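Read through the structure below, which is laid out as structure tokens, and then see the notes.
The values are calculated or read from the model by the stated rules, or taken from the named source; none is laboratory data. No experiment lies behind these values; they were computed from the predicted model shown. Here the Cβ positions follow ideal geometry from the backbone for every residue, glycine too, while neighbour counts run over all protein chains shown.
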Amino acid sequence: MYHDPDVQSVDEQFRYLRKHYNIIDLNDFINSIEGDKLLPPKSLVITFDDGHLGNYKLLPIVSQLQVPITIFLCSGIVNTNRHYWFLDSENSKNKDLLKSLPNKERLRRLADEGFDQEKEYAQRQSLSSKEIDQMATWVNFQSHTVYHPCLDRCTHSESTYEITQSKVDLEQKYKLRINAIAYPNGDYSQREIEIVKGAGYRCALTVAPGYNTLDSNPYTLRRLSTNDTANQDEFVVRAAGLWGLIQSLRSSGTKKEERKHEHRDNIRTAAAAG
Ligand SMILES: [Zn+2]
């Protein structure tokens, strides 16, 4: 899972991935889990969330290397000068707080900061219709809701609108076939799974780290995230799905170190007391 990486990193990373994995289109994976169960070994699906303007710069790489990718678009932001709320909100601490609030409360607080999800700003942040047309030969465009809310913080009707309307709009306005959705921030509940199924999506992607198999639940697919600025070594580890493991080993190593110090301090205290 990428968001808005720079061109040079993607060029290096795609060349690496092409050598070590069989890169397949998301549709091939959906067809496999639904029926034909045929996948090459070490199959890999590459996805980009949000539909950032910067993704257009990847077109020469994608077409030259013939690497299939999927970009998840917000139908209410794409081809407009509307902004992504999380890019305009002030700091990351504030963003975490906003993500925890009921949807209307999040929008009200953003309005206090001067943000409005329907406002057209001077600068564009998302892909245009023309760019989507040019990329469509190489890119599988899918849904990332209308305005990128935290779906599990929405009311039932807000969540239904975000999930169903984005599919309708992307299909009608851009002549796309929408069969997949990526939950914004990976936030979903059982309710979202039901709405997604009811809207006619064939799969949904989370941000829970891990691999998928042919027996995975198609509505809670796992992904491995790559930091948009990852260096090549870090990227290789992330792509192999080992990043989480190494982080947990490192933190348990740190904890062990801390425990050692604690133990030593206790002994010292005991010796001083004794
Ligand atoms: Zn997103």
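Where the second residue is acidic (Asp, Glu) and within 13 Å of the ligand (Cβ to nearest atom) and the first is in the same structural domain as ILE178 (by TED's automatic domain parsing) and lies in the range 73-97, which pairs have Cβ atoms under 6 Å and are six or more apart or on separate chains?
Here the result reads none, with nothing in the range 73-97 linked to a residue that is acidic (Asp, Glu) and within 13 Å of the ligand (Cβ to nearest atom).
Specify which of the listed residues (LEU87, LEU151, LEU73, LEU97) is away from the ligand (no atom under 13 Å from the Cβ) and of a type outside the set (D, E, K, R).
On the way: LEU87 fails: away from the ligand (no atom under 13 Å from the Cβ); LEU151 fails: away from the ligand (no atom under 13 Å from the Cβ); LEU73 fails: away from the ligand (no atom under 13 Å from the Cβ).
Criteria check complete, one pass: LEU97.
Restricting to the range 137-166, give me the number of residues that are in a helix (DSSP H, G or I), surrounded by 22 or more Cβ atoms within 10 Å (Cβ to Cβ) and touching a helix residue (DSSP H, G or I) at 6+ places or on another chain (Cβ under 9 Å).
Result for the range 137-166: 4.
Considering (1) touching a residue at least 12 places away in the same chain (Cβ under 8 Å); (2) farther than 22 Å from ARG177 by Cα; (3) assigned to a helix (DSSP H, G or I); (4) out of contact with any Ser or Thr (no Cβ under 8 Å at 6 or more places or on another chain), say which one ILE30 fails and leave the rest.
Here ILE30 meets the rest and fails (2).
Here is a check on your reading of the model: is VAL62 more than 16 Å from the ligand (Cβ to nearest atom) and modelled with pLDDT of 95 or more? If you could, list the steps in order and put the result at the bottom.
Numbers: more than 16 Å from the ligand (Cβ to nearest atom): yes; modelled with pLDDT of 95 or more: yes.
Here the answer is yes, as VAL62 does meet what is asked.
What's the number of the condition GLU12 fails, among (1) assigned to a helix (DSSP H, G or I); (2) within 16 Å of the ligand (Cβ to nearest atom)?
(2)
Considering the range 217-241 alone, what residues qualify as being in a loop (DSSP other than H, G, I, E, B) and modelled with pLDDT of 95 or more?
ASN217, PRO218, TYR219, THR220, ARG222, ARG223 - these are the residues of the range 217-241 that are in a loop (DSSP other than H, G, I, E, B) and modelled with pLDDT of 95 or more.
Could you tell me which residue of the range 108-124 is nearest to the ligand (Cβ to nearest atom), considering only residues that are in a helix (DSSP H, G or I) and touching a helix residue (DSSP H, G or I) at 6+ places or on another chain (Cβ under 8 Å)?
My answer is LEU110.
Mind listing whichever residues of the range 179-202 are within 22 Å of GLY51 (Cβ to Cβ) and either of a type in the set (D, E, K, R) or within 14 Å of the chain's Cα centre (by Cα) (or both)? Outline the logic, then answer.
Initially, the range 179-202 is screened for residues within 22 Å of GLY51 (Cβ to Cβ), giving 179-188, 192, 195-196, 199-202.
Passing the criteria: ALA180, ILE181, ALA182, TYR183, PRO184, ASN185, GLY186, ASP187, TYR188, GLU192, ARG202.
Quick one: in the range 51-78, which of the residues that are in a strand (DSSP E or B) and touching a His at 6+ places or on another chain (Cβ under 7 Å) is surrounded by the fewest Cβ atoms within 10 Å (Cβ to Cβ)?
HIS52
Need the failing condition index for ASN103 against (1) within 16 Å of the ligand (Cβ to nearest atom); (2) in contact (Cβ under 8 Å) with a residue 60 or more places away in the chain, just the number.
Result: ASN103 fails condition (2) only.
Testing PHE48 on (1) assigned to a loop (DSSP other than H, G, I, E, B); (2) within 15 Å of the ligand (Cβ to nearest atom); (3) touching a strand residue (DSSP E or B) at 6+ places or on another chain (Cβ under 6 Å), one condition comes back false. Which one is that?
Exception for PHE48: condition (1).
Scanning the range 174-195 for residues that are in contact with a helix residue (DSSP H, G or I) (Cβ under 8 Å, 6 or more places away or on another chain) and small (Gly, Ala, Ser), which turns out farthest from the ligand (Cβ to nearest atom)?
For the range 174-195, the residue satisfying everything is SER189.
Here are some conditions: (1) in contact with a Leu (Cβ under 7 Å, 6 or more places away or on another chain); (2) surrounded by 22 or more Cβ atoms within 10 Å (Cβ to Cβ); (3) not basic (Lys, Arg). ASP187 meets all but one. Which one does it not meet?
Unmet for ASP187, out of (1) in contact with a Leu (Cβ under 7 Å, 6 or more places away or on another chain); (2) surrounded by 22 or more Cβ atoms within 10 Å (Cβ to Cβ); (3) not basic (Lys, Arg): (2).
So, PRO5, is that one touching a residue at least 40 places away in the same chain (Cβ under 8 Å), surrounded by 20 or more Cβ atoms within 10 Å (Cβ to Cβ) and in contact with an Asp or Glu (Cβ under 8 Å, 6 or more places away or on another chain) or not? So that I can check it myself, show each step before the final result.
On the way: touching a residue at least 40 places away in the same chain (Cβ under 8 Å): yes; surrounded by 20 or more Cβ atoms within 10 Å (Cβ to Cβ): yes; in contact with an Asp or Glu (Cβ under 8 Å, 6 or more places away or on another chain): yes.
It is true that PRO5 is touching a residue at least 40 places away in the same chain (Cβ under 8 Å), surrounded by 20 or more Cβ atoms within 10 Å (Cβ to Cβ) and in contact with an Asp or Glu (Cβ under 8 Å, 6 or more places away or on another chain).
Is one or more of the residues making up the range 41-50 free of Cβ contacts under 8 Å to residues at least 12 places away in the same chain and either closer than 19 Å to SER128 by Cα or not hydrophobic (A, V, I, L, M, F, W, C) (or both)?
no
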